[in-house]
Amino acid sequence: MKLVLATRNRGKVREIGEILKVQNGIELLSLHNYPDAPHVLEDGKTYEENAIKKAAVLAEYTGHLTIADDSGLEVDALDGAPGIHSARYAGENASDQDRIAKLLDALQNVPEDQRPGRFISAVAIAAPPAQVRVVRAVCEGWIIRRPRGTGGFGYDPVFVPVGYDKTFAELGDEIKNQISHRAKALGEARKLLSEMNFEKF
Ligand code: ITT
């Protein structure tokens, strides 16, 4: 059986692969295996809407069971920004460093104890022709003043999860993938598979 990850983000591909540890007999693919796949316009008002759209469009295109993640970082002191716009926070072609620089700049006058935030992940599973289900999970933490660590991706070097004193980028994939928003959402998504009459992967 083929299972398609509806993402072009290599950080997500790596993490989802490590979290799911799919059994023999399941071939895990991503949009890097489908270079001509459509680019989905992420114009939903919620993470769930975007995740559903990505999963449904790509399940239809590939004809296989498809998983999509739509995620973001919400910072209280910025009224929830960058939020659903996390990927485009510093413009279309910006790098992770550009996004982090913009975030730290926006928070420069915010004191240490007023920098809570959270990662959100909505994970949708689409089974062709028309079944789609979605779940959401959160990982609470706070934003530090300078990037630390080399692991993970995106905003990980400035995000310290609650209960730890290291950033996700310092903690590394093994710990991140036990406690992250994405790990929790994928855990819930796995449970949906039997309701959708699929074997768990
Ligand atoms: P796809 O749509 O192809 O999956 P994307 O990067 O555009 O890739 P999103 O629209 O879901 O994905 O944007 C999520 C952004 O939020 C992502 O680019 C990161 O900047 C940030 N983000 C999400 N999860 C993260 C995590 O676990 N660690 C750090 N940053 C994360």
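All conditions but one from (1) touching a Leu at 6+ places or on another chain (Cβ under 9 Å); (2) hydrophobic (A, V, I, L, M, F, W, C); (3) under 17 Å from E74 (Cα atoms) apply to A101; the one that does not is (1). Note on the range 136-177: among residues that are under 16 Å from V13 (Cα atoms) and out of contact with any Lys or Arg (no Cβ under 8 Å at 6 or more places or on another chain), the one that is nearest to the ligand (Cβ to nearest atom) is K176. The residue that is farthest from the chain's Cα centre (by Cα), among those in the range 63-82 that are more than 9 Å from the ligand (Cβ to nearest atom) and within 23 Å of A6 (Cβ to Cβ), is G63.
Within this structure, A101 fails the test of being among the aliphatic types (A, V, I, L, M), free of Cβ contacts under 8 Å to residues at least 40 places away in the same chain and within 11 Å of the ligand (Cβ to nearest atom).
Rule-based calculations on the coordinates, nothing more; no lab input. The model shown is predicted, which means the values in this text are computed figures rather than measured ones. Cβ sites come from the backbone with ideal geometry, for glycine too, and all protein chains shown count toward neighbours.
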